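Contents: one structure, followed by commentary.
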Ligand SMILES: [Zn+2]
């Protein structure tokens, strides 16, 4: 059984972590899909993650995550960025440069495909090649510290379809980009959001991380990002 690997770190006194949801352009001709960066099925998951961090890791995570665009000058004050979606993300040249600048100056990006949607997976891989042409997304080996930074996670429980009772185990779920020896992007092609948002049930085509492991991964990834 996965246990807690290390003493839970605390943020420095008075220091607050505010998670940021990136508002990005959605690659779609369908006007109903243009708010996919903030789709209603995951609109409040960062509040859940912030509450989880306060409860389990003693990180003073703000109960009110922010929404920012990549060109917003305020972005520099918020290292931890999050993005998710079902459809396609598209970054223009300026956004590509702003994101690279953020991530090469100590920032961190966690991204996930809602319901494991292949359109988002493909578009995220494509856009990250523009941001880091020299450093492709790579599968993080199961020994990677991100699986050990708080909870020991030997394999990630994943769920397919509406059934939430028979998880499969995945030992190489997460992908990442390293820049200058630092992990600066973590991507889960199976949905973390669906695990954070619900009690294990989703639409019939959903490919997601089971809720308990989705929560453990969130804590591990944030702790890793804050301590490396
Ligand atoms: Zn789902």
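Every number in this text was worked out from the coordinates using simple rules, so none of it is lab data. Because the structure is predicted, anything quoted here is derived from the model rather than measured. Every residue, glycine as well, gets a Cβ built from its backbone with ideal geometry; the counts of neighbours run over all protein chains shown.
Could you please find all residues in the range 27-64 being under 19 Å from residue 149 (Cα atoms) and touching a residue at least 12 places away in the same chain (Cβ under 8 Å)? Residues satisfying the conditions are 49, 50, 51, 52, 53, 56, 57, 58, 59, 60, 61. Inside the range 184-217, residues that are crowded, with 24+ Cβ neighbours inside 10 Å, within 12 Å of the ligand (Cβ to nearest atom) and closer than 14 Å to residue 49 by Cβ make up a count of 8. When residues in the range 166-181 are screened for being in a loop (DSSP other than H, G, I, E, B), more than 17 Å from the chain's Cα centre (by Cα) and farther than 20 Å from residue 199 by Cβ, 3 of them pass. Of all residue pairs spaced 6 or more apart or on separate chains, those with beta-carbon atoms under 6 Å, a first member in the range 202-227 that is within 21 Å of residue 163 (Cβ to Cβ) and touching a residue at least 60 places away in the same chain (Cβ under 8 Å) and a second member that is within 10 Å of the ligand (Cβ to nearest atom) and in a helix (DSSP H, G or I) are 202/194; 206/115; 206/194; 207/116; 208/194; 208/195.
Could you tell me which of the residues 154, 163, 72 is within 16 Å of the ligand (Cβ to nearest atom) and more than 17 Å from the chain's Cα centre (by Cα)? Let's see the steps before the verdict.
Values: 154 fails: within 16 Å of the ligand (Cβ to nearest atom); 72 fails: within 16 Å of the ligand (Cβ to nearest atom).
Exactly one residue qualifies, and that residue is 163.
For the range 83-93, the criterion of a residue being closer than 26 Å to residue 117 by Cα, more than 17 Å from the chain's Cα centre (by Cα) and free of Cβ contacts under 8 Å to residues at least 40 places away in the same chain is satisfied by at least one position.
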